[in-house]
Amino acid sequence: MKADEFVTLISSLNAKESKDKPFSLGVIDPAYSSGRPKVIFDGSTTVSSKTYPYLSSYTPRANDRVILANVGGTHVILGKIT
C-alpha cells in the first residue's frame with residue numbers, strides 16, 4: 001500500500017461518527033530537536049501544547065509526517081509515514 005493510500009484509509013476511519021477514533025495524523029513540530037516532540041495535528045495550524053511519547057523503533061525528526069495511536073485519552077507516535 002502506498003503512503004497516500006494509507007493516509008486516505010486512516011482519514012476515512014477517523015471521519016466516521018465515532019467517539020473512539022483509533023488513529024490521528026500530524027506533523028512533528030518544525031522546531032523539534034530532542035526529547036518528546038510536539039505535533040501539529042491534521043486540521044490544526046498550531047503546535048500542540050503537549051509532548052507525545054513515541055515507539056523506540058522510530059526516531060522523530062522535525063517536519064516528519066506521522067501516525068499516532070489514540071490510547072487512554074492521549075496519543076502515542078507510531079512512526080513516520082513515507
Worksheet, complete the sentence: So, first residue surrounded by 15 or more Cβ atoms within 10 Å (Cβ to Cβ) in segment 67-82, second residue part of a loop (DSSP other than H, G, I, E, B) and among the aliphatic types (A, V, I, L, M), Cβ within less than 9 Å, six or more apart or across chains; the pairs are I67/I81; I77/L55; L78/L55; G79/L55
Worksheet item: In segment 56-77, what residues are under 15 Å from K38 (Cα atoms) and β-branched (V, I, T)?
Response: T59, V66, I67, T74, V76, I77
Worksheet entry | Tally of residues being modelled with pLDDT of 65 or more and over 12 Å from L68 (Cα atoms) across segment 13-36 | 9
Item to complete: Check V47, V76 and return the single one that is farther than 22 Å from F6 by Cα and either aliphatic (A, V, I, L, M) or touching a helix residue (DSSP H, G or I) at 6+ places or on another chain (Cβ under 7 Å) (or both).
Response: V47
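The values are calculated or read from the model by the stated rules, or taken from the named source; none is laboratory data. From a predicted model like this one, the values you see are computed outputs, not experimental measurements. Don't worry about glycine lacking a Cβ; one is built from the backbone with ideal geometry, like all the others, and counts go over all protein chains shown.
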